[in-house]
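Trainee: What follows is a single structure, and I will ask about it in a moment.
Where a number appears in this text, it was derived from the coordinates with a stated rule and is not lab data. These numbers were taken from a predicted model, which means no experiment stands behind them. Cβ placement follows ideal geometry from the backbone for every residue including glycine, while neighbour counts extend to all protein chains displayed.
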Amino acid sequence: MIADPDDDALSWGSGSDPSHVDGPAPVVAAASGATPVSASAAPPPSAPRTEVIVEPAVKPAIGSLQLVTYGVLAGVYLIYTLGWVVSIQRLNKVQVVSTDALNAVLFGFGEILAMASPALWFAATLTLTRGRKPIVRLLWILVGLVAVIPWPFVLGAWI
């Protein structure tokens, strides 16, 4: 029977394929506490040992408590972003439009940065604290909660 060329795409190929590459050999450790040896190395014939395959060290995933904490804080940052949007919309209703084009462009750019500042702080904190202890990341996120609070919205609510 002739093989269908479409079925070739569903196979992994064989060892005779020139593009075939073997992965690294698994590390095997003796159950008696001997040093790890490669799986391809033969054990000495005099001492039969039970062999255990040792998996490579994997960095532990983020804990569920940390994930929930980051999610709640991300929600607070989202509320801050909405607070900046609302306060800037209120400000634009009250503010007198400037006749200077450069002043108007820079003021508009400042408004956009103010609205994006909570999201930018959160993203920058997650990016720049990658690989550090979780408490360091959490402290920088908490510093951001104070740094990017939408004061016009907070103070406008009291007026």
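Trainee: Which residues among region 112-127 fall inside the zone where the amide N is under 16 Å from a point 7 Å beyond the Cα of residue 90, along Cα→Cβ?
Mentor: Residues 115 fall inside that zone.
Trainee: Using alpha carbons only, what's the Rg to Rh ratio of region 64-156 with Rh from Kirkwood? Intermediate values should be presented prior to the final figure.
Mentor: Working: Rg = 15.9 Å, Rh = 14.6 Å.
Rg/Rh for region 64-156 comes to 1.09.
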